[in-house]
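Readers should treat all values here as calculations from the given coordinates under stated rules, not as data from a laboratory. Keep in mind that this is a model prediction, so the values were computed, not measured. Glycine also receives a Cβ, built like all others from the backbone with ideal geometry; neighbour counts cover every protein chain displayed.
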Amino acid sequence: MIITKQKELDKILEKLKNRKNIFIVGCAACATKCATGGEDQVQALSVEMSKHGLAILGSMVLDTPCDIRVVKKDLARDDKAQKAESLVLLTCGAGVQAISSVLEDKELVPALDTMFLGTIERLGNFHQFCSLCGDCIIDETGGICPVTRCAKSLVNGPCGGALKGKCEVNSENDCAWITIYDKLKKNKTGIKKYHNIKNNAAVNKPQKVKTR
Ligand code: SF4
Ligand code: SF4
C-alpha cells in the first residue's frame, strides 16, 4: 500500500488563493486506509476550505485514482469536475499523474505527500519494508529485505556493529541481519548465494513496466 501524509492546510490554501470553482478528489484505496484521502478527509477539507471563503463545486472519492481507466470513467464524465477550475487531490503522486494525463486543462493541487510502499501493522502504523528495487532477493533472506531494512543496504551479511540486536546506525531499529539470521535459523534454511552489490541508484527512477 502507498503511504501518504496530508500537506499542511495553509500550503493548500496558499495555492488556491483567488480560485473559484474547486473540486476535491479522494482515494477509496490506499489514502482511505491511511486516513489521509478517504470520504471523511474529503469532507473535512471541504468544510475547512469553505470556512476560508473558497467555493467548493463538489467532490468525489475515486475507487483507484491511480488507474487512468477509472479517472476516464468516473471523474472525466462528472459535470462538476468538468466545470471546476482547480482540482484538489487527496491521492498519492501516481493518482495525481493519472488525473493530470486525463484532465489536461485543470489546475491540480496535490494535497498529500507520498511517502513509501508500506506494510500495515495496524491502521496508521506502517513500515517501509520494500524500496521497490526491481531485483528482489528476499527468497534468500527469509522474506526480509536487507536493501531496505539494513541501514547500509548490505546484501551479504551484517556489518558487525549491532549492539544488543539493534542497528548501530539507528538504535530504534532491530538489526536487519540479526532478524534475517534468526528467521533462517527457525525455518532451517540458509543463504546459498553471494549477491553482487545492488545498484540502488536504480531505485525510484521513473519506469514503465509491461506485464503482459
Ligand atoms: S530486494 Fe527489497 S527492495 Fe528489492 S524488491 Fe525485494 S523487498 Fe523490495
Ligand atoms: S547494524 Fe545491522 S542493520 Fe545496522 S547497518 Fe549493520 S548490518 Fe545493517
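May I ask for the angle, rounded to the nearest 10°, between helix 39-51 and the longest principal axis of the chain, with both axes built from Cα atoms and the value confined to 0 to 90°?
It works out to around 50 degrees.
Test of understanding: ordering GLU107, GLU140 by Cβ neighbours within 10 Å, fewest first, what list do you get?
Values: GLU107 14, GLU140 19.
The order, fewest Cβ neighbours first, is GLU107, GLU140.
Considering only Cα-Cα distances, which of the following residue pairs are longer than 25 Å: LYS11/LYS51; LYS17/LYS73; LYS33/LYS186?
Correct reply: LYS17/LYS73; LYS33/LYS186.
Mind checking the log10 I(q)/I(0) for region 1-113 at q = 0.11, 0.19 Å⁻¹? Debye, one equal scatterer per Cα, no solvent, two decimals.
Computed log10 I(q)/I(0) values: -0.28, -0.89.
Calculate the length of the line joining the C-alpha centroid of region 68-134 to that of region 1-42, in whole Å.
Using only Cα atoms, the two centres lie 9 Å from each other.
Output the 0 to 90 degree angle, nearest 10, between the alpha-carbon long axis of helix 93-102 and the longest principal axis computed from the alpha carbons of the chain.
So the helix axis and the longest Cα principal axis differ by about 40 degrees.
State, as an integer percentage, the relative contact order of the chain based on alpha-carbon contacts under 8 Å between residues 6 or more apart.
Reported relative contact order: 19 percent.
On a 0 to 90° scale, report how tilted helix 176-186 is relative to the longest principal axis of the chain, with both axes built from alpha carbons and the result rounded to the nearest 10.
60
Take the alpha-carbon positions of the chain, form their convex hull, and give its projected area averaged over all directions (one quarter of the hull surface) in nm². Provide the component values of the computation, followed by the final result.
Details: hull surface 58.7 nm².
The directionally averaged projection comes out at 14.7 nm².
In straight Cα distance, which lysines are under 20 Å from LYS185, not counting same-chain residues fewer than 8 positions off?
Hits, sequence-local ones excluded: LYS164, LYS166, LYS193.
Consider just the alpha-carbon atoms of region 134-207 and return their Rg together with their Dmax, both in angstrom.
Gyration radius and largest Cα-Cα distance of region 134-207: 12.6, 40 Å.
Taking the Cα centre of region 1-111 as the origin, how large is its charge dipole in debye, to the nearest 20, when only Lys and Arg (+1) and Asp and Glu (-1) carry charge on their Cβ atoms? Write down the numbers at each step before the final one.
Numbers: 16 positive and 15 negative charges, 23 e Å.
It works out to roughly 100 debye.
Can you tell me the mean projection area, over all orientations, of the convex hull of region 54-105's alpha carbons? Units nm², please.
The number I arrive at for region 54-105 is 3.3 nm².
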